[in-house]
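Worksheet: the structure to be examined is printed underneath.
The values are calculated or read from the model by the stated rules, or taken from the named source; none is laboratory data. Bear in mind that the values here come from a model prediction, so they are computed numbers and not experimental data. Ideal geometry is used to build each Cβ from the backbone, glycine not excepted, and the neighbour counts take in all protein chains shown.
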Amino acid sequence: MWRRSARWVAAGGLCAAALVGAAATCCAQRADLPPGPMQQKARVACLPCHTAQIITQQQLDRRVWAKEIDKMIRWGAPVAPEDRDAIIDYFTNNFGPREPVPAEAKLPPGPGAARVRAACLGCHDAGIIVEQRWDRRMWAQDLDKMIRWGAKVRAADRPVILNYLVAHFSTAVQPARKSAKSP
């Protein structure tokens, strides 16, 4: 009888430790979202499924944020209909584009550009790629996610695509700035 109780106590201790660890991680992630009237609702809607970092690294315009929020709502994010536009505004104001990027943005030439066009542009425009500034790990995670979601990427093409994305759209690469025209 004691052995069984000891196992249950040990299992309970492990569960408690896991919950404390998850709570600490959750609280640390929450600190990453900037203050604002929708901060708490964004935490509740988004952070149970992914880190704040996936949000804070985005630099999306309002149109793309709306698509992302609508997708997350379809996948079960608890966003009340009356809060949808305010959350989109919160993300757009805090994590909007660094520079305006048109939906018809072009991918720069280079090794892997054709493979990126073939694998990615069937589902979204180049603008969403051009707006990102992720490190290699984040690009690898995003590429793997897209493959799980159905992007047609052969195993041999994955490193070529990843290298292209990191070379052109990493945290180390500054976005191309438009030159100011003189009057």
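Overview of values
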item	result
Residue in the range 11-32 that is surrounded by 12 or more Cβ atoms within 10 Å (Cβ to Cβ) and either at pLDDT 55 or above or in a loop (DSSP other than H, G, I, E, B) (or both) present	yes
Residue ID - modelled with the lowest pLDDT, chosen from residues in the range 33-46 that are within 15 Å of the chain's Cα centre (by Cα) and more than 17 Å from Q141 (Cβ to Cβ)	L33
Neighbours by Cβ (under 9 Å, 6+ apart or cross-chain): first from the range 54-65, over 11 Å from G127 (Cβ atoms) and part of a helix (DSSP H, G or I); second small (G, A, S) and modelled with pLDDT of 85 or more	I55/A42
Conditions (1) under 14 Å from V116 (Cα atoms); (2) buried (at least 18 other Cβ atoms within 10 Å of the Cβ); (3) at pLDDT 90 or above; number of the one not met by D142	(2)
Checking G112 against (1) modelled with pLDDT of 95 or more; (2) surrounded by 12 or more Cβ atoms within 10 Å (Cβ to Cβ), the condition it does not meet	(1)
Contacts under 7 angstrom Cβ, first residue in the range 31-43 being at negative phi, partner among the basic types (K, R) and at pLDDT below 90, 6 or more apart	R43/R30
